[in-house]
Amino acid sequence: MTTTADEFIAQVRRGEIPEKAEANIGRIRQCLREALVALPSVLATVHEGCS
């Protein structure tokens, strides 16, 4: 970490995204996109199994 803990907390409170978080946020967004694309077919399969 290149900033102090206090500065890090202040950045987050101001709504800033710490540098190292950018890559993680990108990966999470991609994962969520993939999950949302797969969700309808998964739900349809589960619904069919309940019939």
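Of note:
- Calculated Rg and Dmax of the Cα atoms in Å (choose from (1) 21.0, 67; (2) 18.6, 57; (3) 22.0, 73), label: (2)
- Residues Asp6 and Arg29, FRET efficiency given R0 of 25 Å [Cβ-Cβ distance, rounded to 0.05]: 0.30
- The residues packed around Pro18, meaning those with a beta-carbon under 14 Å from its beta-carbon, carry a net charge of -2 if Lys and Arg are +1 and Asp and Glu are -1.
- Loop-located GluC sites (Glu not before Pro) across region 2-51 with a Cβ neighbour count of 13 or fewer within 10 Å are Glu16, Glu19, with loop assigned by DSSP.
A short reminder: the numbers here are calculations on the coordinates, not readings from a lab. What you see is a predicted model; the values in this text were computed from it and never measured. Using ideal geometry, Cβ is built from the backbone for each residue, glycine included, and neighbour counts are taken over all protein chains shown.
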